[in-house]
1. Report, in debye and to the nearest 20, how large the dipole of the chain comes out about its Cα centre when Lys and Arg carry +1 and Asp and Glu carry -1 on their Cβ.
2. Can you tell me, using C-alpha contacts under 8 Å and at least 6 residues apart, the relative contact order of the chain as a whole percent?
3. Under 8 Å for C-alpha pairs, at least 6 residues apart: give me the relative contact order for the range 1-65, rounded to a whole percent.
4. Given the range 1-152, report the % of alpha carbon pairs whose separation exceeds 18 Å.
5. If you take the square roots of the eigenvalues of the alpha-carbon gyration tensor of the range 1-70 and sort them as a ≥ b ≥ c, do you get rounded (a/c under 1.5), prolate (a/b over b/c) or oblate?
6. For labels at Thr157 and Ser126 in the simple 7 Å Cα→Cβ model, what's the distance in nm?
7. Which of the lysines could a cross-linker bridge to Lys10, judged by Cα under 19 Å and excluding same-chain residues fewer than eight apart?
8. Considering the alpha-carbon set of the range 82-151 alone, what are its Rg and its Dmax in angstrom?
Amino acid sequence: MHESSPGGDKVSQRLAKEAKSYIPTQWDPSIPFGTLHPKGYRSEDLQNQTFPDESFDLVVTQDVFEHIFQPDKAIKEIARTLRPNGAFIATVPIILRREQTRRRASLIDGRIVHHLPPEYHGNPVSKDGSLVTIDWNYDIVSYLQFHSGLSFVMFHTDNIDVGIRGEHIEVLIGFKRPIPQL
């Protein structure tokens, strides 16, 4: 199991405790990608991973895809590293419910170009935070499906009995189904 960018929340803590082969990763260019940081995570670029093909049964990202400059490459890489019948589970804040997805920042020739005022979210490995590059709409489902070949569903959960109520609580699940042989 691969979790990209765990933030120390209860979900990540439980996955680390209960998953037999849990591998936490962070985007940390201060060390070579594919190497282990002394804090216990592996440095990986989700858009260009060092893992072999079909390494994982499960990949998890929590609030990561709004910070990626090339989400099409990231989801292709996730699909590549999933085994047949594997799954990808992601939370992504759906900011634009009635408008189309919009790009907040791009990386052009190695330089960040802001299309909207910069916005940052917390980052477990950087006090500077993580730049928000995209404000997503519900079209993220078809976007991820198109770029990965995975089959996606989105769940919106509202269950006050277990403490889930509020904004931005959508969960995406992508399944890697084998192509039927003719």
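Rule-based calculations on the coordinates, nothing more; no lab input. Small disclaimer: the values here were computed from a predicted structure and weren't measured. For neighbour counting, all protein chains shown are included, and Cβ atoms are generated from backbone atoms with ideal geometry for every residue, glycine included.
1. Values: 20 positive and 23 negative charges, 43 e Å.
In debye, rounded to 20, the chain gives about 200.
2. Working: 365 pairs, mean separation 36.2, N = 182.
Rounded, it is 20 percent for the chain.
3. Numbers: 94 pairs, mean separation 25.3, N = 65.
The value is 39 percent.
4. Values: 6718 of 11476 pairs.
The answer is 59 percent, as a whole percent.
5. Values: a/c = 1.31, a/b = 1.25, b/c = 1.04.
Here the range 1-70 falls in the rounded category.
6. Placing both labels 7 Å along Cα→Cβ, they lie 2.9 nm apart.
7. Candidates past the 8-residue exclusion: Lys20, Lys39.
8. Computed over the Cα atoms of the range 82-151, radius of gyration and Dmax are 14.5, 41 Å.
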